[in-house]
Amino acid sequence: CLVFIPGQLDTTCHAFVGETVVLPCTTTPPEEPTLAKSMLYWQIGSKVVHFFQNGQDSLKTQDKDFRGRTSLFLDQMKHGNLSLKISNVQLEDKAEYTCIYRETEDHQTKKSKIKLSVSGK
């Protein structure tokens with residue numbers, strides 16, 4: 001699906017049940033030390049789909065429906081790629097996802113919304 005450009009209107013992604021989908025979210029490449037002190041939330045409303053902080057995944061608060069099915073592109077995050085990969089997509093995954101990236105030191109928050117529509121096979 002479309003790559004997110006800051007300020008662009010919402011992006012819509014489409015997937016079929018059982019597929020893997022990548023929800024795009026990018027930022028200007030952060031400094032390495034900044035990334036280690038940053039927080040990245042992927043949410044549906046207040047439901048936590050994936051959470052990353054202090055340079056690593058922090059999945060204690062992750063919603064059980066997404067357990068074991070989400071991952072980030074850890075090697076590409078330093079280049080500004082904050083996209084989320086969801087495997088084995090389910091009909092229930094259809095929602096509007098929010099990507100929230102917060103730099104702890106300068107309190108800058110960047111946010112984007114991505115809609116996911118899911119079809120049965």
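Considering only residues in the range 84-106 that are assigned to a loop (DSSP other than H, G, I, E, B) and free of Cβ contacts under 8 Å to residues at least 40 places away in the same chain, the one that is least open to solvent (accessible area, probe 1.4 Å) turns out to be D106.
Would it be correct to say that K78 is surrounded by fewer than 17 Cβ atoms within 10 Å (Cβ to Cβ) and at pLDDT 95 or above? Walk me through how you get there before you give the answer.
Values: surrounded by fewer than 17 Cβ atoms within 10 Å (Cβ to Cβ): yes; at pLDDT 95 or above: no.
It is false that K78 is surrounded by fewer than 17 Cβ atoms within 10 Å (Cβ to Cβ) and at pLDDT 95 or above.
Name the residue, out of T109, T61, that is outside any strand (DSSP E or B), β-branched (V, I, T) and free of Cβ contacts under 8 Å to residues at least 40 places away in the same chain.
Values: T109 fails: outside any strand (DSSP E or B).
Result: T61 is the single residue among T109, T61 that is outside any strand (DSSP E or B), β-branched (V, I, T) and free of Cβ contacts under 8 Å to residues at least 40 places away in the same chain.
If you take the residues of the range 107-121 that are at pLDDT 90 or above and either at positive phi or of a type in the set (V, I, T) (or both), which of them is most open to solvent (accessible area, probe 1.4 Å)? Applying the filter and picking the extreme gives V118.
Scanning the range 9-42 for residues that are of a type in the set (D, E), more than 22 Å from D63 (Cβ to Cβ) and touching a residue at least 12 places away in the same chain (Cβ under 8 Å) turns up just one, E32.
Anything in the range 19-44 that is of a type outside the set (S, T, N, Q) and more than 13 Å from the chain's Cα centre (by Cα)? List them, or say none. Give the steps one after another, and end with the answer.
Here is the first cut: in the range 19-44, the ones of a type outside the set (S, T, N, Q) are 19, 21-25, 29-33, 35-37, 39-42, 44.
Matches in the range 19-44: E19, P29, P30, E31, E32, P33, L35, A36, K37.
Please specify each residue of the range 28-52 satisfying the condition of being of a type in the set (S, T, Y), part of a loop (DSSP other than H, G, I, E, B) and either at pLDDT below 85 or open to solvent by less than 10 Å² (accessible area, probe 1.4 Å) (or both). Quick ask: steps written out before the conclusion?
Applying the first criterion (of a type in the set (S, T, Y)) to the range 28-52 yields 28, 34, 38, 41, 46.
Next, only the ones that are part of a loop (DSSP other than H, G, I, E, B) stay: 28, 46.
Correct list: T28 only.
From the list C13, C1, the one residue that fits, being at pLDDT below 95, of a type outside the set (A, V, I, L, M), part of a strand (DSSP E or B) and surrounded by 15 or more Cβ atoms within 10 Å (Cβ to Cβ), is C13. Residues in the range 64-75 that are in a loop (DSSP other than H, G, I, E, B) and either among the small types (G, A, S) or surrounded by fewer than 13 Cβ atoms within 10 Å (Cβ to Cβ) (or both): R67, G68.
T20 meets each of the listed conditions (1) crowded, with 18+ Cβ neighbours inside 10 Å; (2) in contact with a Lys or Arg (Cβ under 7 Å, 6 or more places away or on another chain); (3) polar (S, T, N, Q) apart from (1).
The values are calculated or read from the model by the stated rules, or taken from the named source; none is laboratory data. In this text the structure is predicted, and so the values were computed from the model without any measurement. In this analysis, Cβ positions are derived from the backbone assuming ideal geometry, glycine residues included, and neighbour counts consider all displayed protein chains. Calculation scope for accessible area: heavy atoms of the full protein, side chains included, ligands and nucleic acids excluded. Shrake-Rupley method; radii C 1.70, N 1.55, O 1.52, S 1.80 Å.
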